[in-house]
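The values are calculated or read from the model by the stated rules, or taken from the named source; none is laboratory data. All values reported here derive from a predicted model rather than from experimental measurement. Note that each Cβ is placed from the backbone with ideal geometry, even for glycine, and that neighbours are counted across all protein chains shown. For accessibility, only protein heavy atoms count, side chains too; no ligands or nucleic acids. Shrake-Rupley method; radii C 1.70, N 1.55, O 1.52, S 1.80 Å.
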Amino acid sequence: MPPFPVVRDWLDDLEATKAAKTVNNKRASLSRFCDWLRKDKGLIDHNPVKDTDPVDVIRGEIHFLTRPQMDKVLKLAPAAGLLGEIAFAFYAALRLSEIRNLI
């Protein structure tokens, strides 16, 4: 049975805007919810998410800034009006996606 179009459309939209790992996490959550709807509530006859494939996660090498590079960025940040945001990111060790989720 083909996936419900709305499930495939939702996953396609996610793939266009989110990282592969995020898409797979949301896909897994939706799949668990659909399993609950099927097994516990009997509201659907099968889990449509199981008819879709997870997104391939490409794991690249992680590049960290060196201390001199961090110092250069911190010196340039005030002129851009971003000292608070950049200092917060550096010292809280947050990724850009994590910072965006805080807003």
Those residues of segment 36-84 which are open to solvent by 70 Å² or more (accessible area, probe 1.4 Å), under 30 Å from Pro5 (Cβ atoms) and over 21 Å from the mean Cα position of the chain (by Cα), in sequence order:
Trp36, Arg38, Lys39, Asp40, Lys41, Leu43, Asp45
Return yes or no: is Ile99 surrounded by fewer than 10 Cβ atoms within 10 Å (Cβ to Cβ) and modelled with pLDDT under 90?
no
Test Gly60 against the criterion of being at pLDDT below 95, closer than 27 Å to Asn101 by Cβ and not charged (D, E, K, R), and give yes or no.
yes
Subset of segment 1-11 (residues that are surrounded by 12 or more Cβ atoms within 10 Å (Cβ to Cβ) and either in a helix (DSSP H, G or I) or of a type outside the set (Phe, Trp, Tyr) (or both))
Pro3, Val7, Arg8, Trp10, Leu11
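Of everything in segment 14-35, what is farther than 13 Å from Thr52 by Cβ and either open to solvent by 50 Å² or more (accessible area, probe 1.4 Å) or at pLDDT below 90 (or both)? Give them in sequence order. Walk me through how you get there before you give the answer.
To start, the set of residues in segment 14-35 that are farther than 13 Å from Thr52 by Cβ comprises 16-22, 25, 29, 32-33, 35.
Matches in segment 14-35: Ala16, Thr17, Lys18, Ala19, Ala20, Lys21, Thr22, Asn25, Ser29, Arg32, Phe33.
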